[in-house]
Amino acid sequence: MTPKEIERIISIAASFGVRKVKLTGGEPLLRKDILEIVEGVGSPKGISEVSMTTNGTLLDRLAEPLKEAGLTRVNVSLDTLNPKSFQIITGANVLNKVISGIKEAVEVDLNPVKVNMVLLNGINHNEVWSMIEFAERNSLILQLIELESAREDELYRKYHSDMTKIENELTKKAEKVTIRNMHHRRKYLLPSKVEVEIVKPMHNTEFCQYCNRIRITSNGKFKPCLFRTDNLVDFLGPMRNGASTEDLKKIFIEAIKRRRPYFT
């Protein structure tokens, strides 16, 4: 999609009350026109927040231009602080570059800066508290994410790490525990004032019950459910064939009608 096509479909969503947009991927910072996209996404009337999830490898030089283009906040994927584990997980030796990007995002006030840590059994499951200390030192929010898989395949069985023990430890140490409306996620405020948020989508009926998101694929389709690919609704084809604003609104409504709880 071009920046203008992205801006137009966000305008349609905004007309129905969508107020927040998150750019994710893949890796959104690989787009050479990412600054134009960010600026365009924030343009439609009613959009109050434009955020991004990134692997952080290009963030050290793009954090400030992104902020100037209208990016509100950023989530950075960082599963480990161990260089060897980072190499295993990502296949790249750029840990220091990612950390530099995180610090630059904090410096230019892309706040809150959140770090996403997917727990992987046998790789980083024992690094939670060192990551919490890293978040404390750098004024970050840490999101601990359960490994996702729509089916319990070999990868899931090998690397899935149960989060019950960690949640129990956080409950004991936290000064305050709150529950976000979205997905009913629990947030733990520790004595150091660092926030730790638990993201558990797998086999979690509350994840669906409190989901208020509609996703857009990179090839121009509405994706009503994170875990399904059989109910997508194409809007880019009709848009490029001259669909009117009213036509696109009907397509958006159709996508919303296809939303169904994955976990029942």
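The values are calculated or read from the model by the stated rules, or taken from the named source; none is laboratory data. Nothing here was measured: the structure is a model prediction, and the numbers come from that model. Cβ coordinates were reconstructed from backbone atoms using ideal geometry, including for glycine residues, and neighbour counts include every protein chain displayed.
Testing T57 on (1) out of contact with any Lys or Arg (no Cβ under 9 Å at 6 or more places or on another chain); (2) more than 24 Å from I251 (Cβ to Cβ); (3) surrounded by 17 or more Cβ atoms within 10 Å (Cβ to Cβ), one condition comes back false. Which one is that?
(1)
If I ask for residues that are of a type in the set (K, R) and more than 15 Å from I251 (Cα to Cα), which ones from the range 1-33 would you list?
Result: K4, R19, K20, K22, R31, K32.
The conditions are (1) at negative phi; (2) in contact with a helix residue (DSSP H, G or I) (Cβ under 6 Å, 6 or more places away or on another chain), and G46 fails exactly one of them. Which is it?
With (1) at negative phi; (2) in contact with a helix residue (DSSP H, G or I) (Cβ under 6 Å, 6 or more places away or on another chain) applied to G46, the lone miss is (1).
Identify all residues within the range 7-30 that are among the basic types (K, R) and more than 23 Å from P112 (Cα to Cα); write none if there are none.
R8
Considering only the range 159-169, I want to know if a residue exists there that is surrounded by 15 or more Cβ atoms within 10 Å (Cβ to Cβ) and charged (D, E, K, R).
Scanning the range 159-169, I find at least one residue that is surrounded by 15 or more Cβ atoms within 10 Å (Cβ to Cβ) and charged (D, E, K, R), so the answer is yes.
For the range 13-34, what are the residues that are in a helix (DSSP H, G or I) and crowded, with 18+ Cβ neighbours inside 10 Å?
Within the range 13-34, A13, A14, P28, L29, I34 meet the criteria.
Among the residues of the range 200-226, which ones are surrounded by 19 or more Cβ atoms within 10 Å (Cβ to Cβ), touching a residue at least 60 places away in the same chain (Cβ under 8 Å) and more than 23 Å from G17 (Cα to Cα)?
None - no residue of the range 200-226 is surrounded by 19 or more Cβ atoms within 10 Å (Cβ to Cβ), touching a residue at least 60 places away in the same chain (Cβ under 8 Å) and more than 23 Å from G17 (Cα to Cα), so the list stays empty.
Being surrounded by 12 or more Cβ atoms within 10 Å (Cβ to Cβ), out of contact with any strand residue (DSSP E or B) (no Cβ under 6 Å at 6 or more places or on another chain), more than 27 Å from L30 (Cβ to Cβ) and at pLDDT 95 or above: is that true of K249 here?
yes
Which one is modelled with the lowest pLDDT among residues in the range 199-215 that are more than 25 Å from A14 (Cβ to Cβ) and part of a loop (DSSP other than H, G, I, E, B)?
Once the filter is applied, the top-ranked residue is H203.
Would you check which residues across the range 38-54 are surrounded by 21 or more Cβ atoms within 10 Å (Cβ to Cβ) and either within 17 Å of the chain's Cα centre (by Cα) or outside any helix (DSSP H, G or I) (or both) and list them? First the steps, then the outcome.
Filtering the range 38-54 down to residues surrounded by 21 or more Cβ atoms within 10 Å (Cβ to Cβ) leaves 38, 40-41, 50, 52, 54.
Matches in the range 38-54: V38, V41, V50, M52, T54.
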